[in-house]
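First comes the structure, then the notes that go with it.
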Amino acid sequence: MLQDFYHQTVAAIEQKFSTSCAKGLTDSQVLEAREKYGSNSLAGKKKISIWQKFLAQFKDFMIIVLIIAAVLSGFVAQEWTDAAIIMVVVMLNAILGVFQEARSEEAINALKKMATPNAHVRRGGQIVEIPSPQLVPGDIVLLEAGDVVPADLRLTVAKSLKVEESALTGESVPVDKEATIINDVKVALADQKNMAFANTNVTYGRGEGIVTETGMNTEVGKIATMLNNTDETDTPLKRNLNQLGKTLTIMILLICAIVFVVGFFTKRGTEPTDKLAIDMFLVAVSLAVAAIPEGLPAIVTIILALGTQVMAKHKSIVRKLPAVETLGATDIICSDKTGTLTQNKMTVEQFFYNNQQHPATQALAADNHALMTMILANDSKLDSTNKLLGDPTETALIQFALNQKIDVQQLLQVHKRLQEVPFDSSRKLMSTINLDQQQYFVAVKGAPDQLLKRVTRIEQNGKIKPITEEQKAAIVAANQEMAQKALRVLGLAYKTVDQLYDEPTTDNVEQNLIFAGLVGMIDPERPEAKAAIAEAHGAGIKTVMITGDYQVTAQAIAERLGILAPNQDERVVTGSQLDNFSDNYLAEHVPDFSVYARVSPEHKVRIVKAWQSRGKIVAMTGDGVNDAPSLKQADIGIGMGITGTEVSKGASDMILADDNFATIVEAVKQGRKVFSNIQKAILYLMSCNVGEVLTVFMMTMLGWDILAPVQLLWINLVTDTLPAIALGLEPVEKGIMKRMPRGKQSNFFSEGVASSIVYQGVLEGILVLTTYQLGLNFGPHVGNTSLQHQDALTMAFLTLGLIQLFHAVNSKYIHQSIFSKITFANKWFNLAILISAVVMSAVELPFMNQFFDVTELNITQWLIVLVAGLGMIVIVEVVKFVQRILGKK
């Protein structure tokens, strides 16, 4: 149980850990503490051997069905080629599963790598440098700009100390730290100003602190614990394939049993009982192998892989194949604000001077004193590549000046800094004294309320006058107006003096100032994010913003992005409010909230779970360490490729290479396309299999001749693979982003697919059986009963194979008409159908017909076969037309 160290005095903490801020721990105390608390490092999950991972892949129901089919096909039906193909598919899926699982362990490994290699510590009165894993509670750690905080610390000294915590808290700007006690009993992580947390970065000043927590007990350790304990969520794809496998197994076993029993009893007496039993068993097994789309897992994998290639071209890198399809089913996108919806860089947006507000785009004169002040009272630096380094607020001011075409470097050279009064969190100001021809220019910037206390004059239109109460009130009003827009406001003031100070302090430098202006900054929204959110809304997807920033900032950004309408305060909830919500209450009311502010990692996981409890498929975007647990908990985690930490990337299913929220919308579109194409492939495969099963079943029930096992397996081999994969290459359907999300309860049989499979399979069967009957009456062997039956079986065999290729064209659109100019735009589909048709018809070649026990058909018989195939297209299109009419009504 972590303690509220921010609520305790330094003396109490010294006593708790038997340490001293002045001297630190002794060597013996360090050994005793290490024995008690362990290493200052992060632990991972218990390792699972690669063989355990491999064997776990065979627990999948569909895989078990395929293995049984392979065994029956090989050992009973003696079709070893078919058995080998099935087992190759099974092994490929197992290997891919192991690879994906191994990649998911990268999150914890990345957390471990984040640990700083060394720390400066006071031990036994001496300052020493030690590897951070050797730290123990009670150690006194010294911090300065550039350091990574090595453990959780209760600060005892904070001299202008600023710590960048965005990866942990979501706070977009560095936090001013202080060493004083916080009296509030319950304080959010981002507001614990007297604490410094492991793996955050010191950006300014210096400080000291007592180590209060190490290793897995730190705040980042809590995240590692959540990552270890988070269960992997089943993807909709896994659930759908498992459901499909179970449905198929029950159906196939039942039908095969009926075929065996009925066939055995209806043909009893035509041949020896033992031979009849073996023949009917082989027919039943062949039918089972034909009915199971054993290529389905491979086809699904191929379609997903092709989808990932398309998404990679659009800057979406998929780490786990099922994520492609899952994203297409997304109902909710829970998005981190900083760096995802916003640009993660402070930008000047408003400028106030001459008693008026001005947009940042308005040109300023180079000698504008407000502009000069923000440049001179600034500690930003330019590196060798002209990249700005320093506090984000200060670099924003310099960038603003550069955008104004100001030669910043020359101005700094002309007005060299000679003295300064550094920033202090108590007075919230900083000042520099700079050379200014024969005088010295004093530049002061800081909190407007503190600055106004020290202002006696004001500059307006180049003239300096004593400031009035009305003018001060106008400045306060301008400050409040900018703050309500979630802008971070700084006041700017200056004065000139004739000589340098003997000892510059706030009492002599920051007095009798001339007010120059106010500058308002914000971490602005990404320009493409608003349009992306609107498109997601049009697709029925709700965008929820989650941030560590303050409520007013979060609400303002959400309004600018279109997540909130103006004045929708009731749709914004804070982390402290969330703490008072029970899980049941949150699950019940989670649709009422669109923005969450000042939240912790635990809150993010609760929000995701609340949506999931309502049956929603949730995507979570994020870039910080604090996002990792929720990324892993979500149905699909989306990490940021540029600003994202290795931890968030490792916990993600998909990474945005360009950190562009609009890329998510394109990924949703591709995900929907993938599901639609898989659905088309399943419709095609299953309806064809129903046609095969019904044909053999009815032939058996009617006492007719039955297609031979080798014929069933040949049809299965020729028609199941290439056309189905080609359907997976179909382009995005028009209007796919105008459909509502299909939801967690949907599956591959939803949206009328199940009924289509049934009626289209029955139609195939009827056309094949009709062709068989016609074959008995048309052809060169009419009158020769034996040859007539062979001709009829040959026509039924070829019709059953070729009709499936005709039906592949129908399957391009589940409900829409195929009579469109883009129907045959997919060249791979056209090629697949052509190759399959040639291979299927090859059984008529002289050296092949004996192997398949078929006769050579004449033109009339071929015409009947082709008309049956075309009849499949015509009848299905008529049914779809009627369905569309009824659907509109």
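Which is crowded, with 18+ Cβ neighbours inside 10 Å and either among the β-branched types (Val, Ile, Thr) or assigned by TED's automatic domain parsing to the domain that holds residue 720 (or both), of 787, 798? I'd like the intermediate steps shown before the answer.
Details: 787 fails: crowded, with 18+ Cβ neighbours inside 10 Å.
798 is the lone residue from the list that is crowded, with 18+ Cβ neighbours inside 10 Å and either among the β-branched types (Val, Ile, Thr) or assigned by TED's automatic domain parsing to the domain that holds residue 720 (or both).
I'd like to check which helices (runs of 4 or more DSSP H) are fully inside region 537-600 and have at least 3 residues that are within 22 Å of residue 345 (Cβ to Cβ). Please lay out each step first, then the result.
Values: elements: 551-561, 575-579, 583-589.
In region 537-600, the matching helices (runs of 4 or more DSSP H) lie at 551-561.
Taking the options 682, 664, name whichever one is within 27 Å of residue 812 (Cα to Cα) and not assigned by TED's automatic domain parsing to the domain that holds residue 741.
664
Within region 743-771, can you find the residues that are among the charged types (D, E, K, R) and modelled with pLDDT under 80? Break it down into steps so the answer makes sense when it comes.
Here is the first cut: in region 743-771, the ones among the charged types (D, E, K, R) are 744, 751, 764.
Selection gives 744, 751.
Cβ contacts < 7 Å: first residue assigned by TED's automatic domain parsing to the domain that holds residue 380 and within 26 Å of residue 360 (Cα to Cα), restricted to region 401-422; second residue surrounded by 14 or more Cβ atoms within 10 Å (Cβ to Cβ) and among the aromatic types (Phe, Trp, Tyr), any location; separation 6+ or different chain. Result?
The qualifying pairs are 415/441.
For residue 778, all conditions in the list (1) over 42 Å from the mean Cα position of the chain (by Cα); (2) assigned to a loop (DSSP other than H, G, I, E, B); (3) without any contact (Cβ under 8 Å) to a residue 12 or more places away in the chain hold save one; what is the number of the exception?
The failed condition is (3).
Could you list, in sequence order, all residues of region 532-584 that are of a type in the set (Lys, Arg) and within 17 Å of residue 343 (Cα to Cα)?
If we filter region 532-584 for residues that are of a type in the set (Lys, Arg), which is where we start, we get 542, 560, 571.
Matches in region 532-584: 560 only.
Tally time: how many residues in region 348-364 are surrounded by 19 or more Cβ atoms within 10 Å (Cβ to Cβ) and either farther than 30 Å from residue 459 by Cβ or within 36 Å of the chain's Cα centre (by Cα) (or both)?
3
Looking at (1) crowded, with 23+ Cβ neighbours inside 10 Å; (2) out of contact with any Leu (no Cβ under 9 Å at 6 or more places or on another chain); (3) assigned by TED's automatic domain parsing to the domain that holds residue 356, which one does residue 546 not meet, given that it meets all the others?
(3)
From (1) over 30 Å from residue 476 (Cα atoms); (2) among the hydrophobic types (A, V, I, L, M, F, W, C); (3) within 38 Å of the chain's Cα centre (by Cα), pick out the condition that doesn't hold for residue 414.
Of the numbered conditions (1) over 30 Å from residue 476 (Cα atoms); (2) among the hydrophobic types (A, V, I, L, M, F, W, C); (3) within 38 Å of the chain's Cα centre (by Cα), the odd one out for residue 414 is (3).
Does residue 439 count as out of contact with any helix residue (DSSP H, G or I) (no Cβ under 8 Å at 6 or more places or on another chain), more than 17 Å from residue 494 (Cα to Cα) and at pLDDT 90 or above?
Working: out of contact with any helix residue (DSSP H, G or I) (no Cβ under 8 Å at 6 or more places or on another chain): yes; more than 17 Å from residue 494 (Cα to Cα): no; at pLDDT 90 or above: yes.
No, not satisfied.
Considering region 223-268 alone, what residues qualify as being within 30 Å of residue 6 (Cβ to Cβ), at pLDDT 70 or above and either buried (at least 19 other Cβ atoms within 10 Å of the Cβ) or more than 42 Å from the chain's Cα centre (by Cα) (or both)? Please lay out each step first, then the result.
Going through region 223-268, the residues within 30 Å of residue 6 (Cβ to Cβ) turn out to be 223-230.
Imposing the further condition that a residue be at pLDDT 70 or above reduces the set to 223-225.
Scanning region 223-268 gives 223, 224.
In region 176-189, what residues are buried (at least 22 other Cβ atoms within 10 Å of the Cβ) and touching a helix residue (DSSP H, G or I) at 6+ places or on another chain (Cβ under 9 Å)? Please lay out each step first, then the result.
Kept after step one, since they are buried (at least 22 other Cβ atoms within 10 Å of the Cβ), are these residues of region 176-189: 177, 189.
Selection gives 189 alone.
Within the set of pairs 6 or more residues apart or between chains, which connect a residue that is at negative phi and at pLDDT 85 or above inside region 171-184 to a residue that is among the charged types (D, E, K, R) and part of a loop (DSSP other than H, G, I, E, B) with Cβ atoms less than 6 Å apart?
From region 171-184, the pairs are 175/165; 177/193; 178/193.
Is it the case that residue 364 is on the phi < 0 side of the Ramachandran plot, part of a loop (DSSP other than H, G, I, E, B) and at pLDDT 75 or above? It would help to see each step written out before you state the result.
On the way: on the phi < 0 side of the Ramachandran plot: yes; part of a loop (DSSP other than H, G, I, E, B): yes; at pLDDT 75 or above: yes.
Judged against the criteria, residue 364 is a match.
Determine the pairs where a residue that is under 21 Å from residue 658 (Cα atoms), located within region 298-318, has a partner that is of a type in the set (S, T, N, Q) and in a helix (DSSP H, G or I) with Cβ atoms under 7 Å apart, the partner being 6 or more residues away or on another chain.
307/670; 310/670; 311/670; 314/663; 315/663; 316/663; 318/308
When the residues of region 689-704 are narrowed to those that are assigned to a helix (DSSP H, G or I) and of a type in the set (A, V, I, L, M, F, W, C), which ends up surrounded by the fewest Cβ atoms within 10 Å (Cβ to Cβ)?
We begin by selecting, within region 689-704, every residue assigned to a helix (DSSP H, G or I); these are 689-701.
Imposing the further condition that a residue be of a type in the set (A, V, I, L, M, F, W, C) reduces the set to 690, 693-694, 696-699, 701.
Working: 690: 23, 693: 22, 694: 20, 696: 27, 697: 20, 698: 15, 699: 22, 701: 13.
Looking at residues that are assigned to a helix (DSSP H, G or I) and of a type in the set (A, V, I, L, M, F, W, C), I get 701.
Is it true that some residue in region 457-474 is within 50 Å of the chain's Cα centre (by Cα), charged (D, E, K, R), more than 27 Å from residue 382 (Cβ to Cβ) and surrounded by 13 or more Cβ atoms within 10 Å (Cβ to Cβ)? Step through it out loud before you land on a result.
The first filter runs over region 457-474 and keeps only residues within 50 Å of the chain's Cα centre (by Cα), leaving 472-474.
Right, trim to charged (D, E, K, R) and you get 472.
Subsequent filtering for residues that are more than 27 Å from residue 382 (Cβ to Cβ) retains 472.
Add one more test, that the residue is surrounded by 13 or more Cβ atoms within 10 Å (Cβ to Cβ), and what stays is 472.
Yes: region 457-474 contains one or more residues that are within 50 Å of the chain's Cα centre (by Cα), charged (D, E, K, R), more than 27 Å from residue 382 (Cβ to Cβ) and surrounded by 13 or more Cβ atoms within 10 Å (Cβ to Cβ).
For the structure I just gave you, tell me whether residue 628 is part of a helix (DSSP H, G or I) and under 14 Å from the mean Cα position of the chain (by Cα). Give the derivation first.
Details: part of a helix (DSSP H, G or I): yes; under 14 Å from the mean Cα position of the chain (by Cα): yes.
When the stated conditions are applied, residue 628 passes them.
Just to be sure I understand the filter: pairs with C-beta atoms under 7 Å, separated by 6 or more residues or on different chains, first member in region 605-620 and crowded, with 21+ Cβ neighbours inside 10 Å, second member aromatic (Phe, Trp, Tyr). Which pairs pass?
Going by the 7 Å Cβ cut-off, the qualifying pairs are 607/596; 618/611.
What about residue 596, is it in contact with a strand residue (DSSP E or B) (Cβ under 8 Å, 6 or more places away or on another chain) and among the hydroxyl-bearing types (Ser, Thr, Tyr)? Break it down into steps so the answer makes sense when it comes.
Values: in contact with a strand residue (DSSP E or B) (Cβ under 8 Å, 6 or more places away or on another chain): yes; among the hydroxyl-bearing types (Ser, Thr, Tyr): yes.
Yes, satisfied.
For region 1-30, name all the residues that are farther than 26 Å from residue 225 by Cβ and assigned to a helix (DSSP H, G or I).
10, 11, 12, 14, 15, 27, 28, 29
Residues of region 19-35 being exposed (fewer than 13 other Cβ atoms within 10 Å of the Cβ) and either at positive phi or touching a residue at least 40 places away in the same chain (Cβ under 8 Å) (or both), which ones? Please lay out each step first, then the result.
Residues of region 19-35 exposed (fewer than 13 other Cβ atoms within 10 Å of the Cβ): 22, 27-28, 31, 35.
Hits for region 19-35 are 22, 27.
Going by what's in this entry, would residue 14 be described as out of contact with any helix residue (DSSP H, G or I) (no Cβ under 9 Å at 6 or more places or on another chain), modelled with pLDDT of 70 or more and under 21 Å from residue 197 (Cβ atoms)? Give the steps one after another, and end with the answer.
Working: out of contact with any helix residue (DSSP H, G or I) (no Cβ under 9 Å at 6 or more places or on another chain): yes; modelled with pLDDT of 70 or more: yes; under 21 Å from residue 197 (Cβ atoms): yes.
Against the criterion (out of contact with any helix residue (DSSP H, G or I) (no Cβ under 9 Å at 6 or more places or on another chain), modelled with pLDDT of 70 or more and under 21 Å from residue 197 (Cβ atoms)), residue 14 qualifies.
The values are calculated or read from the model by the stated rules, or taken from the named source; none is laboratory data. Keep in mind that what you see is a predicted model, and the values were worked out from it rather than measured. Every residue, glycine among them, receives a Cβ derived from its backbone with ideal geometry; neighbour counts consider all protein chains shown.
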